[in-house]
1. What FRET efficiency would be calculated for the residue pair residue 320, residue 200, taking the C-beta separation as r and a Förster radius of 41 Å, to the nearest 0.05?
2. Using amide H atoms built in the peptide plane, which far-off residues or other-chain residues are under 5 Å from residue 73 H to H?
3. For the chain, what percent of Cα pairs sit more than 33 Å apart?
4. Estimate the FRET efficiency between residue 224 and residue 119 by the formula 1/(1 + (r/R0)^6), using the beta-carbon distance for r and 51 Å for R0, to the nearest 0.05.
5. Among the helices of the chain (complete DSSP H runs), which have Cα atoms covering no less than 15 Å along the helix axis and a Kyte-Doolittle mean of at least 0.5?
6. For the chain, what does the helix formula give at 222 nm: sum of -39500 (n - 2.57) over DSSP H segments with n ≥ 4, over the residue count, nearest 500 deg cm²/dmol?
7. Quick one: accessible area per residue over the chain, 1.4 Å probe, rounded to a whole number of Å²?
8. Restricted to Cα positions, what overall size does the range 82-234 have along the principal axes? Three whole-Å values, descending.
Amino acid sequence: HQRHKMTRRIVVAILGIAAFAIVAQRPAVRAQPSTTPSFSIGLFGDLAYAPSREPLLANVLTDMDRASLAFVVHVGDLGSPRNGSCTDELLYRRLAQFRASVHPLIYTPGDNEWTDCHAQQGIIGGDPLERLAKVRSLFFDGAQSLGQHAIPLTRQNAGADPRFAKYRENARWELGGVTFITLHAVGSNNSLGRAPDTDAEFADRLSADLAWLRESFAIAKSGASRALMILQQGNIFPEFPPFPGNPDQKPSGFTELRAAIASETVAFGKPVALIHGDSHYFRVDKPFMRRPLGSNEPPIVNFTRVETFGDPNHHWVEAQINIDDPNVFAFRPRIVPSNVATRP
């Protein structure tokens, strides 16, 4: 009996040594990476420019709620000034819709919420700066996104520089090795050239935007981000029609911001995407790859511009992010079937 027990122990020991040897010969099992290798996000803006189109916006929100998305971003223009975007009633309605989003929702302002709230746009007695203060107080309270499942955000107003204490709308967050930032840059020439008070606001906001852009690129570089995405409302490429407003307007409210995005993108050397609205024309292109006539300026191949759908076309854009793909970003239109108009 003792001999049998000893024999069994020897056998178990031999099997254990053999098992250890087999395991030792296998490649080490890699721990799960701290980053998410692939995910999708939803992008939309410039919708519901009339009360009759509110159901179309509701359909877009429902369609995104049904999709598998890490978060969604509204790139500005909550409606049209002549149809309520300058009123508290519409702001509160949009806030309720954004809070109800199944996914975390990040919003950056558009011109129709404040810049265009003046008499020339039919808003008699309108005060753009008063509207801007209202938008900030409603949509950017706290260091988190909107939506039923909020995610934390880093806001510019939380930084050490007192000059930027009011710019809570400029946000930054990271997911899956990608840095995301919002910039408060809007249509209507970025609010430059209409009145002295809004010109002063433009100058201060431009300084904040440029500082936020450069700081965010520096953080993305130091953190070894695989890519960076900028989200704003204003279209900064007037040479590519359609373009809202006068493409030859001087001075341009986008000159400094455009130059900074170009130089930071080149220095970053990894994929950069700029997402905007403003022109109501869905497109995915590479505008910095077209050289100005007579210029030796080299193209910027790692930059992609995406414009979301806009009223009357009520759909959204899916951005697919895969850090194992050299391009990182891929974009596809998401057509909402119930919002497709039938031709006669």
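1. Details: r = 41 Å, r/R0 = 1.00.
Efficiency for this residue pair is about 0.50.
2. Sorted by chain and number, the residues that satisfy this are 42, 43, 44, 106.
3. Working: 18596 of 58996 pairs.
More than 33 Å apart: 32 percent of the Cα pairs in the chain.
4. Working from the Cβ atoms, E equals 0.50.
5. 2-25, 255-268
6. Result for the chain: -10000 deg cm²/dmol, rounded to the nearest 500.
7. 48 Å²
8. Here the spans come out as 50, 35, 24 Å, largest first.
The values are calculated or read from the model by the stated rules, or taken from the named source; none is laboratory data. In this text, all values refer to a predicted model and were calculated from it rather than measured experimentally. For neighbour counting, all protein chains shown are included, and Cβ atoms are generated from backbone atoms with ideal geometry for every residue, glycine included. Note: accessible area is taken over every heavy atom of the protein model, side chains too, but ligands, DNA and RNA are not part of it. Shrake-Rupley method; radii C 1.70, N 1.55, O 1.52, S 1.80 Å.
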